[in-house]
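Below is one structure, written out as C-alpha cells, with a few remarks after it.
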Amino acid sequence: MNKKLGLAVAGAVLALSSAANAGIIIPAGDWTVDINGNVNAYFINTRASGETREITGGMATVRDTNGDRVANGINTGLLPSWLGVSAKTRQNDLDVAFTISFQPNASDNGAAGDAKTPLNRQAYLTFGDASWGSVKVGKDLGIFAGQAILNDMTLLGVGGGSNISGQATTYGGIGTGYIYAAWKGQIAYTTPNWNGFQATIGVTNPNQGTDDVYQDRLGVEGQLMYSWAGDFNGKAWASFASYDVNTKAGGATTAKESYTANAYDIGVNGNIGNVGVTGYYYWGKGAGTTTFLGNGVSSDGKKRDSNGGYIQATYVIPTGTKLGAAYGVSKLDDNAGDPANLVESNRRWTIGAYHPITKSLNLVAEYNDVRTEAQSSTYDAAKSKNISLGAILFF
C-alpha cells in the first residue's frame, strides 16, 4: 500500500506501508487549505573504525565532535520533521496554489535544548492549467537528483551521516549514491501530462555550492519523466543540471578560475505486487560529490569527473512491514597533483524495516554501513556503522 506524503516531500508519492492519505483539509471560501507534514525521531547508535586522519569529502566520519568513536543521539532522520501549509483555488481559468513550510529538529545540544533554528525549505507559488502545464516560482527541491532522494527508502529513516547528536538531519543516501538536490529558488515550467510523459525545465538561484564558489548566471536544470500504472507500475526519469562557476582565489583553487559544471542522471522505479525495485545512476564534470560543486575542481581549476548510483529492493510481508535493502556508491576521480587524502569513493549498505502501526504512524529500524576510501592507498578506509530505531508519523 502507498501513503501520500504530499508537500512534506515536495509533492512526491513514495512507496510506504500505509494507505493513501492527504493532510488536514480545510475549506476556506474559494480556497482549499491543506495542513500537512510529519514528525519523526530516532535513537541512533554509531560506531566508527579505520582511518583516523581526515579524508576530504568522506562520508564515513570516524569520530564525533568530542573525538569519540562511539556516538549516541536522538535525532530527526533524513527527512526532517515538517509542517507545511498549502492552499489552492481556481481563478480566471487558472489553477493557483502556494506552499510554505518549515522544519524543526527533534533535539539539539544546546544547554537549554533550544539552540537550533528551524529549517525553511519551501516558499513557492504555482499557476497553470491542465491544458498547457504549470509554472512554479519560489523555493523548492531542486530538479536535478530530486527523484533520487524521493525514491530513497532511507527518506523514512536515517541512512548515513549520523555520528553527531543534535544535528538537523542525517544524510540518508546523499553522498553515497546521489548528489543532494538541495532547496533552491527557481522559476520552472512543467508540461501537461501526455499519456504518462511529463517534462520540467527551470532556472535556479545561481549561488549554490560552497563558500569558495559562486556563479555569474542562473543555473539550468531539467527533467523528463514517464510514469505508468497497472499491475506493474512505476516511473522512469532523466535529469540534468548546468552551472557556470567562478572560484575565489585562495579558496577552492589557488587562483581565480571559471568553468561549467554539468551533471546528468537516469533512474527507474518499478513495483509489482509486494515487490519494489529502484535503480539510479549519475555522472558529472565539475559537479563533485555529496553537495553539488563540492570538491568539483582541483587547485588548478581542472574539473574532476564523478559518478555513482544506487540499487534498492523492497518487499512487503503479510504483516504489512516493508523490508528493504540498498547499496549505493559515489566516486570521484582525481587530477594530477590532487592531495592523497581526497575521497575516491563513499559506499553504503542499508537494511531497513518500516512497519505501519496505523495508516499515519510507522515504526522504523535500520542498519547502515558506510565506507570511505581515499585516492591514496596510504590511507586506510574509514568506516562507520549505525543502528537506528524510531518512528515517523505523517498527517
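D334 is checked against (1) in a loop (DSSP other than H, G, I, E, B); (2) in contact (Cβ under 8 Å) with a residue 40 or more places away in the chain; (3) more than 24 Å from A261 (Cα to Cα); (4) not polar (S, T, N, Q) and fails just one. What number does that condition carry?
Of (1) in a loop (DSSP other than H, G, I, E, B); (2) in contact (Cβ under 8 Å) with a residue 40 or more places away in the chain; (3) more than 24 Å from A261 (Cα to Cα); (4) not polar (S, T, N, Q), only one is false for D334: (3).
From A12, A28, which residue is modelled with pLDDT under 90 and of a type in the set (G, A, S)?
Details: A28 fails: modelled with pLDDT under 90.
It is A12.
Does region 113-123 include one or more residues that are among the aliphatic types (A, V, I, L, M), in contact with a strand residue (DSSP E or B) (Cβ under 8 Å, 6 or more places away or on another chain) and part of a loop (DSSP other than H, G, I, E, B)? Spell out the reasoning first.
First, the residues of region 113-123 that are among the aliphatic types (A, V, I, L, M): 115, 119, 123.
Add one more test, that the residue is in contact with a strand residue (DSSP E or B) (Cβ under 8 Å, 6 or more places away or on another chain), and what stays is 119, 123.
The next check asks that each one be part of a loop (DSSP other than H, G, I, E, B); those that pass are none.
No: region 113-123 contains no residue that is among the aliphatic types (A, V, I, L, M), in contact with a strand residue (DSSP E or B) (Cβ under 8 Å, 6 or more places away or on another chain) and part of a loop (DSSP other than H, G, I, E, B).
Only one of these is surrounded by 15 or more Cβ atoms within 10 Å (Cβ to Cβ) and closer than 15 Å to Y171 by Cβ: G50, G84, G58. Name it.
On the way: G50 fails: closer than 15 Å to Y171 by Cβ; G84 fails: closer than 15 Å to Y171 by Cβ.
Result: G58 is the single residue among G50, G84, G58 that is surrounded by 15 or more Cβ atoms within 10 Å (Cβ to Cβ) and closer than 15 Å to Y171 by Cβ.
Looking only at region 247-262, decide whether some residue is modelled with pLDDT of 95 or more, in contact with a Gly (Cβ under 7 Å, 6 or more places away or on another chain) and more than 30 Å from G77 (Cβ to Cβ).
Applying the first criterion (modelled with pLDDT of 95 or more) to region 247-262 yields 262.
After this cut, where a residue has to be in contact with a Gly (Cβ under 7 Å, 6 or more places away or on another chain) as well, the list is 262.
Next, only the ones that are more than 30 Å from G77 (Cβ to Cβ) stay: 262.
The answer is yes, given that some residue of region 247-262 is modelled with pLDDT of 95 or more, in contact with a Gly (Cβ under 7 Å, 6 or more places away or on another chain) and more than 30 Å from G77 (Cβ to Cβ).
Please work out which one of (1) assigned to a loop (DSSP other than H, G, I, E, B); (2) farther than 20 Å from T176 by Cα; (3) hydroxyl-bearing (S, T, Y) is the condition Y315 fails and give its number.
For Y315, the failing item is (1).
Mind checking which residues of region 66-102 are farther than 24 Å from T126 by Cα and not in a loop (DSSP other than H, G, I, E, B)?
Result: V70, A71, N72, G73, I74, N75.
Can you tell me which of (1) modelled with pLDDT under 95; (2) crowded, with 24+ Cβ neighbours inside 10 Å is the one V158 doesn't meet?
Here V158 meets the rest and fails (1).
Would you say D369 is more than 22 Å from A325 (Cα to Cα), among the acidic types (D, E) and either modelled with pLDDT of 95 or more or outside any strand (DSSP E or B) (or both)?
no
Within region 174-204, how many residues are farther than 21 Å from T291 by Cβ and either modelled with pLDDT under 95 or in a loop (DSSP other than H, G, I, E, B) (or both)? Steps first, please.
The initial filter retains those residues of region 174-204 that are farther than 21 Å from T291 by Cβ, namely 187, 189-201.
The next check asks that each one be either modelled with pLDDT under 95 or in a loop (DSSP other than H, G, I, E, B) (or both); those that pass are 191-193, 195-196.
Of the residues in region 174-204, 5 are farther than 21 Å from T291 by Cβ and either modelled with pLDDT under 95 or in a loop (DSSP other than H, G, I, E, B) (or both).
If you check Y214, Y243, Y282, which single one turns out to be at pLDDT 95 or above, of a type in the set (S, T, Y) and surrounded by 15 or more Cβ atoms within 10 Å (Cβ to Cβ)? Full working, then the answer.
Details: Y214 fails: at pLDDT 95 or above; Y243 fails: at pLDDT 95 or above.
Criteria check complete, one pass: Y282.
The values are calculated or read from the model by the stated rules, or taken from the named source; none is laboratory data. In this text the structure is predicted, and so the values were computed from the model without any measurement. As a convention, Cβ positions derive from the backbone with ideal geometry for all residues, glycine included, and neighbour counts pool all protein chains shown.
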